[in-house]
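A.B. asks: Before we start, here is the structure in question, set down as structure tokens.
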Amino acid sequence: MITTQAYILTLPQQRLSPAVFNSPHSGRDYAARFLQKSDLAPHVLRSSEDAYVDELFAAAPEAGAPLMTARAPRAFVDLNRAASELDPSLVQGVPKIGVNPRVAAGLGVIPRVVAEGKVIRRGRISLTEARGRLRRYYEPYHERLQELLSAQRARFGLALLFDCHSMPHEAVLATPHVNGRRPDIVLGDRFGASCDRWVIEEVADAFARAGFTVARNAPFAGGYITQNYGIPERGLHALQIEIDRALYLDERRISKTAGFGETQRALDGVIADLTTLGGASLPLAAE
């Protein structure tokens, strides 16, 4: 295990798969100064987390694939945004250029709000502080993620990035039914742009075999990480995975429910299937 200020990277004893599992929103290291500056209680700040998603996918290294997770919370720096998505309403000295709906909603790379539009703090922060967050947390995270994907592609001929998230149950209630049921899982491939079709087909089948109801690209088609790293014509495939929080989490208390263990065990089987995709156990170096 490699632990830095920005991330925790758990590597397998032996790399058997081109897969990389990534959890950029499960960070829960809240600095005391950040908590003091916020108008929100800690459990309210945590409402924007993908709480415990890193634990749900903890079996990845045992299955032969790296698992990378954030340490900084999403309310502090959002790793699933472009570094340029700075909010002029929050960060002093940032010019208003064009209309970015995420930034306008307060959900830029340095968020202004958490879930339900709750404002994190009063006033603005300096551009120096914002750039410091990016330098200490955002840049090292993305540099290491890029290194991982490049190493996987060099070893196996391709890389499969599974970007792991959770979705509020309210979002699930607004989605169309799949075979008469609300989805448990939403897979996002940017409508076919971030991975070849066989990837999302195989992943959807793996979740379905484990008993999950699966939807695609609605209401979540994939964020910055999926868009930025998914370049299928270069052998880089990225797929976003969203899990209904109601399966394992009390969203009000940000605590695990009795369903956590069952969900984790079901995901262990899915992870085992996903690590066999793309010619697992056949690194190019061995050919």
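The values are calculated or read from the model by the stated rules, or taken from the named source; none is laboratory data. Note that the coordinates shown come from a computational prediction; the quantities given were computed from them, not determined experimentally. Cβ atoms come from the backbone with ideal geometry, glycine included; neighbour counts cover every protein chain shown. Remember, those area values only see protein heavy atoms, side chains included, never the ligands or the DNA or RNA. Shrake-Rupley method; radii C 1.70, N 1.55, O 1.52, S 1.80 Å.
A.B. asks: Calculate the radius of gyration of the Cα atoms of the range 34-155 to one decimal place, then report Dmax, the largest Cα-Cα distance, as a whole number, both in Å.
C.D. replies: Reported Rg and Dmax, both Å: 16.0, 48.
A.B. asks: Starting from the Cα of I231, move 7 Å in the Cα-to-Cβ direction to define the label point; list residues of the range 104-141 whose amide nitrogen is under 11 Å from there.
C.D. replies: none
A.B. asks: Taking springs between alpha-carbon atoms closer than 10 angstrom, which of L158, L173, L148 fluctuates most in the Gaussian network model of the chain?
C.D. replies: L173
A.B. asks: Once amide H atoms are built 1.01 Å from N in the peptide plane, which residues 5 or more positions from R81, or in another chain, come under 5 Å H to H?
C.D. replies: So R81 has HN proximity to no qualifying residue.
A.B. asks: Considering only A210, Y248, G223, whose Cα is most displaced toward the positive end of the charge dipole of the chain, charges sitting on Cβ of Lys, Arg (+1) and Asp, Glu (-1)?
C.D. replies: So the residue we want is G223.
A.B. asks: Continuing with this model, one more query. For labels at A151 and K96 in the simple 7 Å Cα→Cβ model, what's the distance in nm?
C.D. replies: 4.5
A.B. asks: Sequence-distant or interchain residues sharing an amide H contact under 5 Å with I120, placed H: which?
C.D. replies: Here V113, V114 satisfy the definition.
A.B. asks: Given +1 on the Cβ of Lys and Arg, -1 on the Cβ of Asp and Glu, and no further charges, what dipole in debye does the range 164-221 carry about its Cα centre, rounded to the nearest 20? Mind showing how you got there, number by number?
C.D. replies: Details: 6 positive and 7 negative charges, 30 e Å.
Roughly 140 debye for the range 164-221.
A.B. asks: In debye, nearest 20: dipole of the range 1-128 around its Cα centre with unit charges on the Cβ of K, R (+) and D, E (-)? Please report the intermediate quantities before stating the final value.
C.D. replies: On the way: 15 positive and 11 negative charges, 115 e Å.
I would put it at about 560 debye.
A.B. asks: If you place +1 on the Cβ of every Lys and Arg and -1 on the Cβ of every Asp and Glu, how big does the dipole about the Cα centre of the range 1-75 come out, in debye to the nearest 20?
C.D. replies: Dipole of the range 1-75, to the nearest 20 debye: 240 debye.
A.B. asks: Provide the gained length on full extension for the span E129 to I2, in nm with one decimal, where the gain is 0.36 nm per separating residue minus the Cα-Cα distance. Kindly include the intermediate steps, with their values, before the conclusion.
C.D. replies: Numbers: separation 127, 0.36 × 127 = 45.72 nm, distance 2.63 nm.
Between E129 and I2, full extension yields an extra 43.1 nm.
A.B. asks: Next question. For every other residue with a beta carbon closer than 13 angstrom to the beta carbon of S89, add +1 if it is Lys or Arg and -1 if Asp or Glu, then tell me the sum. Present the calculation step by step, with values, prior to reporting the outcome.
C.D. replies: Values: positive: K96, R102, R112, R121, R122, R124; negative: E85, D87.
My count for the surroundings of S89 gives +4.
A.B. asks: Any aspartates and glutamates with Cα under 14 Å of the K256 Cα? List them, leaving off those in the same chain fewer than 8 positions away.
C.D. replies: Straight-line reach from K256, under 14 Å: E49, D50, D54, E55, D244.
A.B. asks: How far apart, in nanometres, would the label points at A171 and L11 be if each is projected 7 angstrom from Cα along the Cα-to-Cβ direction?
C.D. replies: 3.2
A.B. asks: I want the local charge near V99. Using Cβ-Cβ distances under 14 Å, sum +1 for each Lys or Arg and -1 for each Asp or Glu among the other residues. Mind showing how you got there, number by number?
C.D. replies: Values: positive: K96, R102; negative: E85, D87.
Taking every other residue near V99 into account, the sum is 0.
A.B. asks: Follow-up question, since we're still on this one. Would you please give the residues with an amide H less than 5 Å from that of S166, counting only those at least 5 places away or on a separate chain, with H modeled from the backbone geometry?
C.D. replies: Excluding prolines and chain starts, which carry no amide H, the hits are I243.
A.B. asks: Note down the accessible area of E170, probe 1.4 Å, to the nearest 10 Å².
C.D. replies: 140
A.B. asks: Specify whether the C-alpha gyration tensor of the range 1-101 places it in the rounded, prolate or oblate class, a ≥ b ≥ c being the square roots of the eigenvalues: rounded for a/c under 1.5, otherwise prolate if a/b is larger than b/c and oblate if not. Show your work: numbers first, answer last.
C.D. replies: Values: a/c = 2.72, a/b = 1.73, b/c = 1.57.
The shape class here is prolate.
A.B. asks: Right, something else. State, as an integer percentage, the relative contact order of the range 155-260 based on alpha-carbon contacts under 8 Å between residues 6 or more apart. If you can, show how the numbers build up before the last one.
C.D. replies: On the way: 200 pairs, mean separation 41.1, N = 106.
Relative contact order of the range 155-260: 39 percent.
A.B. asks: Cross-link candidates for K37: which lysines have Cα within less than 27 Å, leaving aside residues fewer than 8 places away along the same chain?
C.D. replies: Partners found: K96, K118.
A.B. asks: Of K118, K37, K256, which has the largest mean-square fluctuation in a 10 Å C-alpha GNM of the chain?
C.D. replies: Looking only at K118, K37, K256, the biggest GNM fluctuation is shown by K37.
A.B. asks: Which of I200, I231, I97 ends up with the largest GNM mean-square fluctuation for the chain, with Cα atoms connected below 10 Å?
C.D. replies: Fluctuation is largest for I97.
A.B. asks: So what are the ³J(HN,Hα) numbers for the range 113-120, from phi and the Karplus equation (6.51, -1.76, 1.60; θ = phi - 60°), rounded to whole Hz, Gly and Pro as x?
C.D. replies: 9, 10, 4, 6, x, 6, 6, 6
A.B. asks: Please give the net charge around G222, taking every other residue with its beta carbon less than 11 angstrom from that of G222, where Lys and Arg add +1 and Asp and Glu add -1. Write down the numbers at each step before the final one.
C.D. replies: Details: positive: R190, R216; negative: D163, D189, E242.
Net charge around G222: -1.
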